[in-house]
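Notes for the one structure printed next.
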Amino acid sequence: MGRLPRPVLVTVLVAPVVAGAAALAAYTAPEEAAEPPPTPPLRTVREPRELTGTEKDTLHSAEQILLRDCMREKGFEYRPVPREPVPDAREFPYVIEDADWASRHGYGTDIERRMSEVRTNDPNQRYFRSLPADQRAKALAAANGTQPQGLTATGPDGVKLTRSPQGCRSEAERTLYRDLGAWFQARATRDALRPMRIREVTSDAEYAPATQAWARCMRQAGHDYADPAALRRSLPPPERPLPRTQEVALALAEANCAHTSGLAETAKRLDRKHDAQLRGRYASDVNTASRLQLEALPRAREIVRAG
């Protein structure tokens, strides 16, 4: 199999679903991308610390409680959902390097099935679908507001995002983060940095030789793939997965070769390098997002205790 012109993003799993949010609380609506803004100069700025997983759960739970209470006041139901409804769901943007995870989940088709069940059994979706058409429209307006372009943010890639400053979603975030406009812009920037970082890593001159070494290792193990992206594209759809033993064996081979070839270490090193560069380049928004989250934590803890 010939090598592709350039590495392609490799994702084993889709991002974990937040049940109910799609129907009742759409976050943003991207507009047509404008010309990307000029790249800010790289700066070295002391960042606020990163939140722990427990702290992120607290903020998420508080936001869900506020959303529930706001929707209730407007005459609708909403049930809070966990931040990670399928805890074992993981993304491997470059290559599977966790052999233990691969031995338990292969390429994650079992997790895909569980995520599909979460979506199917989501009580918020069932409730929304049960409403008459006119009530559905009112529920969407209650959650999302009626002024779709009141909030705007421009991502580092030039994509403009818009959302209403009204509605229960915005009310919940305003209660937590106070400055809704600053939070909306900071989050838009920070969320855009991950795909930007992955593109920069896979385009880095050091990345291609590491994937070539990985491909040689895989051929020696009896699997002929140019790179992890090619392997991923060869997999059947989740509804018709490989036999379990075959899926696990292939994923384990990928993980083992990721380490013996050096691809895992190269990807991690390049990921750290480009992450630091992007965070420095967009330090203002990155720091604002972390600062607003840290300042919101005491409020979130009180909401969770009361809720």
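Read-outs throughout are calculated quantities, based only on the coordinates presented, and are distinct from any laboratory measurement. Small disclaimer: the values here were computed from a predicted structure and weren't measured. Here Cβ is always computed from backbone atoms with ideal geometry, including for glycine, and neighbour counts include all displayed protein chains.
Under the condition of being part of a loop (DSSP other than H, G, I, E, B) and not aromatic (Phe, Trp, Tyr), the residues counted in segment 74-121 number 23. Ala188 fulfils the conditions (1) out of contact with any Gly (no Cβ under 6 Å at 6 or more places or on another chain); (2) touching a residue at least 60 places away in the same chain (Cβ under 8 Å); (3) closer than 28 Å to Pro93 by Cβ except for a single criterion, (1).
Residues in segment 258-281 that are over 16 Å from Arg190 (Cα atoms) and crowded, with 17+ Cβ neighbours inside 10 Å: Ala258, Ser261, Leu263, Ala264, Thr266, Ala267, Leu270.
Can you confirm whether segment 207-228 contains a residue that is in a helix (DSSP H, G or I) and touching a Gly at 6+ places or on another chain (Cβ under 7 Å)?
Of the residues in segment 207-228, the ones in a helix (DSSP H, G or I) are 207-220, 228.
Restricting the remaining residues to those that are touching a Gly at 6+ places or on another chain (Cβ under 7 Å) gives 210, 213.
Yes, segment 207-228 contains a residue that is in a helix (DSSP H, G or I) and touching a Gly at 6+ places or on another chain (Cβ under 7 Å).
Annotation: of all residues in segment 216-248 being among the small types (Gly, Ala, Ser) and out of contact with any helix residue (DSSP H, G or I) (no Cβ under 6 Å at 6 or more places or on another chain), the one that is nearest to Thr202 (Cα to Cα) is Ala229.
May I ask you to list the residues in segment 149-174 that are under 26 Å from Leu278 (Cα atoms) and surrounded by fewer than 17 Cβ atoms within 10 Å (Cβ to Cβ)?
Initial filter on segment 149-174 (under 26 Å from Leu278 (Cα atoms)): 151-163, 173.
Scanning segment 149-174 gives Thr152, Asp157, Gly158, Thr162.
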